[in-house]
Amino acid sequence: MTFGLDRLSFTAALIAALGLVTSCAGRTSEPDAAADTASVSRPVDAARIIAADSTPGEWLTHGRTYGEERFSPLSRIHDGNVGDLGLAWFAELPTKRGVETTPLMADGKLYVTGSWGHTLAYDARTGEQLWHFDPEVPKDYAVHACCDVVNRGAALWGNNVYVASLDGRLHALDRDTGAVVWQIDTRINTTDSYTITGAPRVVNGKVIIGNGGAEMAVRGYVTAYDAASGEQVWRFFTVPGNPAEGFEDETQEWIAQTWTGEWWRNGKGGGTAWDSFAFDPELNLLYIGVGNAASWNRKIRSPEGGDNLFVSSIIAVDADTGRYAWHYQTTPGDHWDYTATQHMILTELEIAGRKRDVLMQAPKNGFFYVLDRKTGELLSAEKFMPVNWATHVDMETGRPVEAPGMRDTEEVQFIIPGPSGSHNWHPMSYSPETGLVYIPAKVSSGFYVDDFMTERRKMIWTVNYSVAHMVALPDEMSVDERKAFAKKEVDGLLMAWDPVAGREVWRMPKGFYSGSGVLSTAGNLIFQGDLHGNFTAHDARTGAVLWNRDVQGGVMASPITYELDGEQYVAVAQGYGGETSLPFGVVSAPFELVNISRLLVYKLGANSELPVVETAIQEIPAHGLAAAPAEEIEAGRTLYNAYCAVCHGGNATSGGIVPDLRFRIRELAPAWKEIVIDGAFAPNGMPAWKDFMTPEEAFTIRSYVAHEATLGRERGEKRVIRK
Ligand code: CA
């Protein structure tokens, strides 16, 4: 249960015995005899994905269709019988970090990715595990990811399943055995903190993948690889590089004119495409959702202003060549981490009496956008949540009209929404039957204070705002006040939105932070989970709760549904973690959220039960260290906020995914230098910081953590742990 010295010496012995993890080949467990019980796999191709609506029993691509509506025409489970829905089977996933995956189902087999890029295949009827691929990502690579070691899913094409791992590798696996067909490293260098958390998509026989890292100072790009061979077909950079090194193409030359200063030095521009893609096979256009700028603060990044294309944009490119077709920038000159990586849905809407082929997105910045997906023309942009950074979007220019003073961050600037956004990566859903979009929305706000540190360093956040102001709370706040603060600042809800009228139809509360991704079905049902351990079915027309299950731990990922032998199933992967569990630990901790990483599969009339999860209440133990002088504590606080807070949480308070140092300080204190400076726990994910600080500086961090432990103990802080 503890990380004591025994564990430390055990870890050291393990390192000595095994050598540091160097193999990046990955490992697949043998398929067992159960593989014979699943259906024969037929190659997946474009025709099969395009025909998804006439063969709705399967779920062949991330958003079910290329348009990513996440609506299923299946209706055997409906608003009249959903009360009979029960657990058919479940499987324990092999990790204890955040799970954000959307499973795929083809030919009776369910493909599920877990943290780091683990990939598992199951018999979709019985839950029998067919194979398990472990990409063997070195655990200390976790420090390169802003927001946990999550993975959002896989792609199917031919006889392969494609998955990317956190360390930037893309893997083609045999669908039936999990054996590696090919593997490539998608990173353009190994000196920057590139990660992949998104699901690949396959269009026209090309595997499309982007990457993350805009908090860590990288330049974003999207690459297409030949699905059969892994050969690179095209690459599209989302922000320009250093002009002195030459532009890759004329698009790069053009977008460089929207930047000022030396953007390629400090933050490298950002604009990472870490999640959303959609594809229109008729237009042969691939749509790319582009993330926030790096650094976040435009004063540092592009000091003379500028729109900074293509940050916070939706870009359409030719799917075969990667050639630019059009773009729409949701937040010109992004200044607040307003990604436009949020889920994009392609559908047909009747607007002003005319049928339009549209693209819809509800990005972080709080506006719901409807675009003509052929031309990029803006059709509407309405606030779906409270917004104070802009008054409205000017429909003549297509540009937001910023409220005065929103970039004057000399003092603390209070911005709505904050960096977690009015809607983050959690996929929304559009039901053509109700005409409504179901958004995992949230109330959100943030405090922004300039930080002019311009020395770019690998492994730490380079946002040019004070991390302390974003993630830490005043010492004097009680546990109840912290909870009330978090509830007010980040509160989740499920919103039904009419995209034609541009207005809310209903909303249902979803507790802290955000509800999970959403599934809508022709059974007039909406399925969604939440961080408090609920998995719920709502009436799609009214939002009324029709069915709810306590699933013992938080759900973030999106449910899917499929049908086999005349029975409809609903599957969802669970596992609390992600962005709110790490830097924002001090706001999530009071909610006592628990990670249980499982795949849950339901069908009508089933009655399997989850095993009892035993929990215990833990108090912060007395650490026995002498109180340090105030200036030493303050020095430690500054270093902690720069290097440690984005994983271990503001105020040294963990959101429950990585160790809460206040509960462990007594055990960790004697080995502090070995752990922090020398990397004794690197195999567990804690990197060595010897290139960043001296041992003396590391000990000031220890004094600060001890100080927070004392305060937490006085406050009576407790936490729930799984036994
Ligand atoms: Ca971001």
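The values are calculated or read from the model by the stated rules, or taken from the named source; none is laboratory data. Just so it is clear, the model here is predicted, and its values are computed rather than measured. As a convention, Cβ positions derive from the backbone with ideal geometry for all residues, glycine included, and neighbour counts pool all protein chains shown.
Quick notes on this structure:
- Taking residues in region 130-155 that are assigned by TED's automatic domain parsing to the domain that holds W182, and partners anywhere that are within 16 Å of the ligand (Cβ to nearest atom) and in a helix (DSSP H, G or I), the pairs with Cβ atoms closer than 8 Å and at least 6 places apart or on different chains are A142/C647; V143/C647; C146/E579; C146/V646; C147/E579; D148/E579; D148/S581.
- Within region 272-292, the set of residues being more than 20 Å from G578 (Cα to Cα) and not aromatic (F, W, Y) comprises A278, D280, P281, E282, L283, N284, L285, L286, I288.
- One residue stands out among those in region 323-344 that are in contact with a Leu (Cβ under 8 Å, 6 or more places away or on another chain) and not polar (S, T, N, Q): the one that is farthest from S429 (Cα to Cα), which is A325.
- Reported count of residues in region 393-402, each being surrounded by 13 or more Cβ atoms within 10 Å (Cβ to Cβ) and either under 28 Å from the mean Cα position of the chain (by Cα) or in a loop (DSSP other than H, G, I, E, B) (or both), is 5.
- So W116, is it in the same structural domain as R598 (by TED's automatic domain parsing), more than 21 Å from I657 (Cα to Cα) and more than 16 Å from the ligand (Cβ to nearest atom): no
- Single condition R152 does not satisfy, out of (1) modelled with pLDDT of 95 or more; (2) away from the ligand (no atom under 16 Å from the Cβ): (2)
- Selection count where residues are closer than 21 Å to W425 by Cα and part of a loop (DSSP other than H, G, I, E, B), scope region 286-308: 5
- On inspection, A352 qualifies as modelled with pLDDT under 95, of a type outside the set (D, E) and either more than 15 Å from the ligand (Cβ to nearest atom) or under 21 Å from the mean Cα position of the chain (by Cα) (or both).
- Every residue from region 623-633 that is assigned to a loop (DSSP other than H, G, I, E, B), surrounded by fewer than 16 Cβ atoms within 10 Å (Cβ to Cβ) and small (G, A, S): G624, A626, A627
- Index of the failed condition, T409 passing every other in (1) in contact (Cβ under 8 Å) with a residue 60 or more places away in the chain; (2) away from the ligand (no atom under 16 Å from the Cβ); (3) within 19 Å of P499 (Cβ to Cβ); (4) polar (S, T, N, Q): (3)
A quick yes/no check of all residues on (1) out of contact with any Leu (no Cβ under 6 Å at 6 or more places or on another chain); (2) surrounded by fewer than 23 Cβ atoms within 10 Å (Cβ to Cβ); (3) among the acidic types (D, E); (4) over 17 Å from C647 (Cα atoms):
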position	(1), (2), (3), (4)
Y569	yes, no, no, yes
A573	no, no, no, yes
G585	yes, no, no, no
A589	yes, no, no, no
L593	no, no, no, no
Y602	no, no, no, yes
G605	yes, yes, no, yes
T615	yes, yes, no, yes
P621	yes, yes, no, yes
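- Within the set V467, V490, the sole residue that is within 16 Å of the ligand (Cβ to nearest atom), modelled with pLDDT under 90, surrounded by 16 or more Cβ atoms within 10 Å (Cβ to Cβ) and under 20 Å from G554 (Cβ atoms) turns out to be V490.
- N159, sole failed condition from (1) away from the ligand (no atom under 16 Å from the Cβ); (2) touching a His at 6+ places or on another chain (Cβ under 6 Å): (2)
- Those residues of region 663-705 which are surrounded by fewer than 20 Cβ atoms within 10 Å (Cβ to Cβ) and among the basic types (K, R), in sequence order: R664, R666, K673, K690
Each row is one residue, and each column tells you yes or no for (1) under 20 Å from G517 (Cβ atoms); (2) not in a strand (DSSP E or B).
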| position | (1), (2) |
| --- | --- |
| R42 | no, yes |
| A52 | yes, yes |
| T65 | yes, yes |
| E68 | yes, yes |
| L74 | yes, yes |
| L120 | yes, no |
| T126 | no, yes |
| E136 | no, yes |
| A142 | no, yes |
